[in-house]
1. Measure nothing fancy, just the Cα-based angle from helix 106-117's long axis to the longest principal axis of the chain, in degrees from 0 to 90, nearest 10.
2. Say the dipole of segment 198-315 comes from +1 at the beta carbon of Lys and Arg and -1 at that of Asp and Glu; which of ALA287, PRO251, SER238 then lies farthest toward its positive end?
3. Between ARG266 and LYS35, what length comes free when the chain is fully extended (0.36 nm per residue of separation minus the Cα-Cα distance, one decimal in nm)?
4. Looking only at the chain, where both bridge partners belong to it, what percent of the DSSP beta bridges are antiparallel (to the nearest 5)?
5. Between the helical axis of 251-268 and the dominant principal axis of the chain, each derived from Cα atoms, what acute angle in degrees is found, rounded to the nearest 10?
6. So how do LYS156, LYS383 rank on accessible area, 1.4 Å probe, biggest first, that is with the largest at the start?
7. How much length would be gained if the chain were fully extended between GLN108 and LYS234, taking 0.36 nm per residue of separation minus their Cα-Cα distance, in nm to one decimal?
8. Could you order ARG291, ARG86 so the one with the most accessible surface comes first? Probe is 1.4 Å.
Amino acid sequence: MDLTLTPQEESFRAAAREWLEAHAPAKPLPSLDTKDGFEAHRAWEHELHAGGWAVVSWPEEYGGKSASLVEWLLFEEEYYRVGAPRRVGQNGIFLLAPTIFEFGSQEQQKRILPRMANGDDIWSQAWSEPGAGSDLAAIRSTATKVDGGWVLNGQKTWSTRAVFADWAFGLFRSDPEAPRHSGLTYYLFPLSAKGVTVRPIRQLDGEAGFAEVFCDDVFVPDQDVLGVPGSGWKVAMSTTGSERGLTLRSPGRFLAAADRLAALARRQGSSVDPTLRADVAQAWIDAEAYRLYTFGTVGRMLEGASVGAESSLNKLYWSELDIDITQTALRLLGPRGVLGADAPDAEGQWLADFLFALAGPIYAGTNEIQRNVVAERVLKLPKGA
Ligand SMILES: Cc1cc2nc3c(=O)[nH]c(=O)nc-3n(C[C@H](O)[C@H](O)[C@H](O)COP(=O)(O)OP(=O)(O)OC[C@H]3O[C@@H](n4cnc5c(N)ncnc54)[C@H](O)[C@@H]3O)c2cc1C
């Protein structure tokens, strides 16, 4: 792939940079796992949208700029470079929206996407259950057909942002007689619906980044089924393709972190142990390699290829890279690494970033499962016993 940017791509990048530098909050917003922080991040989504930068790759009629994949990657690089806030709408914008573009009816696209783009509706993913994580097809929550819609029952867990979010996209068993993968349907439902109980799960840091979602006779109208009833597995695999592949964790996030890591090492000067210096360089090289690999993927997609099982390779790479970068920063910082981000002598929020990075090999499908996918579907190795 020719990595020279076209004049149009260069000017797109410059416009994004100019807007973000003028508008990104100078100070970090409060944590988005608190009520105030969540709303502050929602207000940022409104601002991004008003500026035309919330969903750059979407068509203009839904609030986007019809940006190409390359332009989207450039926007992401600029976004992380200025240290703009985390995207509270990410599960909707990066996971659900590509699935709605692929499987949603025109009516659903028109009704759902604009409110998602401007931050009026923040979405959470309600798939995992206490007995269905890696083995997602083991879902036991049910959907029963009634006049004009469906009635949902059951328990979901680990639903990120569900404590304060507005809507959820969930997988439920709609046909208990069908084989496991063909008896599932994909539903969209408001978390304020009658019969929905959201129970926050507090983490070690005291904040509730997740929730359990209980459904007791929750009515969902037919218009809020995404895709054909019974085809929920196929629709869900489109969402996981986005989650593991291109959209959830773009290279910009890691390039910015690797640059901050290199800057931290530079500030420490020649006192840094040579092996640690080598690890800093390696982390920076790995982030750059992820960028080049992603441009390669985009190049193949522009020629009509789809990402498929290779998205598992991607997920393995970014989740392990995130740990390498943040762990190397903590090693550089030594005892200072445990200082909270607001402590007088602190150097950013490396500890919080490291703790979150540790979740990377678990969410979006665990890395053990991704290695199984790579072994069987990319390398075509025989299935394990
Ligand atoms: C930060 C974070 C955010 C999340 N957000 C959401 C969300 O928004 N919505 C949602 O629905 N879920 C969410 N999850 C849940 C996540 O999808 C599950 O934790 C994940 O799929 C693993 O499922 P589990 O926790 O039930 O573990 P299990 O499936 O019980 O796995 C336990 C261990 O066994 C290993 N294992 C299981 N099966 C195999 C196998 N066949 N071969 C090899 N090893 C295996 C796993 O890799 C893991 O190490 C989130 C999780 C995290 C950490």
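The values are calculated or read from the model by the stated rules, or taken from the named source; none is laboratory data. Predicted model only: the values in this text are computed from it and were never measured. When we count neighbours, we look across all protein chains shown, and the Cβ atoms used for this are built from the backbone with ideal geometry, even at glycine. What goes into the accessible areas is simple: the full protein's heavy atoms, side chains included, and nothing from ligands, DNA or RNA. Shrake-Rupley method; radii C 1.70, N 1.55, O 1.52, S 1.80 Å.
1. Roughly 40 degrees, rounded to the nearest 10.
2. ALA287
3. On the way: separation 231, 0.36 × 231 = 83.16 nm, distance 3.75 nm.
79.4 nm is the gain from fully extending ARG266 to LYS35.
4. Of all bridge pairs located within the chain, approximately 80 percent are antiparallel.
5. 30
6. LYS383, LYS156
7. The span from GLN108 to LYS234 would gain 43.5 nm if fully extended.
8. ARG86, ARG291
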